[in-house]
1. If you roll a 1.4 Å probe over the chain with all protein chains in place, what percent of the accessible area is carbon or sulfur?
2. Taking the Cα centre of segment 78-178 as origin, sum charge times position over the Cβ atoms of Lys and Arg (+1) and Asp and Glu (-1), and report the length of that vector in debye to the nearest 20.
3. Mind telling me which of PRO160, PRO192, PRO60 comes out most flexible in a GNM of the chain, alpha-carbon contacts under 10 Å?
4. Ratio of Rg to Rh for segment 18-83, alpha carbon only, Kirkwood?
5. Can you compute the radius of gyration and Dmax for the chain, using only the Cα atoms, both in Å?
6. Considering only DSSP beta bridges with both partners in the chain, what is the antiparallel share in %, to the nearest 5?
7. Express the accessible area of segment 18-83 per residue in Å², computed with a 1.4 Å probe while the remaining protein chains stay in the model.
8. Give me the number: length gained by fully extending ASN178 to GLU83, i.e. 0.36 nm times residue separation minus the C-alpha to C-alpha distance, one decimal in nm.
Amino acid sequence: MPDYQLLIFDWDGTLVDSIGRIVEAMHRAADVAGVPRCTDVAVRGIIGLELGVAIRTLYPELDEPLRIETIRRAYSEQYLALETEPSPLFEGVRESLEVFRDQGYRLAVATGKGRKGLHRVLADKGWLDYFDITRCADETASKPDPLMLHEILAHCRVQPERALMVGDSTFDLLMARNAGMDAVAVGFGAQPLSVLRECSPRLAINQFNELRAWLEGRYAQRPAEVSEHVG
């Protein structure tokens, strides 16, 4: 087990159960913009990307900046309408993060959300000063470019081999690989473990508490059918 100092988390689908709302908001945005709805699977497959990149990935045939901007604005409006009650943290997240802090880990967030959206949800949870640093896709390069991880590492003065990225999409895992970091795949978010496993994460889990058990060396005591150690 490497001696990790820094734990970096994706937000949507990793810490917060918001994937369903993201998918529904993108469907509603398509209706507003007058473009065909993409499948749920297709929308889940772009979660984690910066919003503009995600829209262009879903609709590569659209080369009109105004139409793309219409979808972007409609998505933001529809997501806010769905978030009148903020998406909940996954089971075990709040307790595990508190334990990680008590154990001396540095904590960070690397997300495809925009800064305005992340600030809103952090404020709602009383977490504006909770993490050592947070980086958002609208203030740096979109995943899987490793720039946001490089910025987090530089801020925390931690080497890549002492940091761990935790995420629910291939973009998270590829970003970690591009930054020379280990990664943990979570199978309860945007993409299934069958897809994430192709990125060769150090660990694949189906419940957030399993990350804590693994870091504490209790992983071997977990039932084999619940989670799996990869590599």
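The values are calculated or read from the model by the stated rules, or taken from the named source; none is laboratory data. For clarity, every value in this text was computed on a predicted model and none was experimentally measured. Cβ placement follows ideal geometry from the backbone for every residue including glycine, while neighbour counts extend to all protein chains displayed. Just the protein is used for accessible areas: all its heavy atoms, side chains included, with ligands, DNA and RNA removed. Shrake-Rupley method; radii C 1.70, N 1.55, O 1.52, S 1.80 Å.
1. Working: 5050 of 10450 Å².
On the chain, the fraction of accessible area on carbon and sulfur atoms equals 48 percent.
2. Numbers: 13 positive and 16 negative charges, 58 e Å.
It comes to approximately 280 debye.
3. PRO60
4. Values: Rg = 10.5 Å, Rh = 11.5 Å.
My calculation of the ratio gives 0.91.
5. Rg then Dmax for the chain, in Å: 17.3, 55.
6. Values: 3 of 24 bridges.
About 10 percent, rounded to the nearest 5.
7. Numbers: 3270 Å² over 66 residues.
In whole numbers, segment 18-83 has 50 Å² accessible per residue.
8. Values: separation 95, 0.36 × 95 = 34.20 nm, distance 3.29 nm.
Extra length available between ASN178 and GLU83 comes to 30.9 nm.
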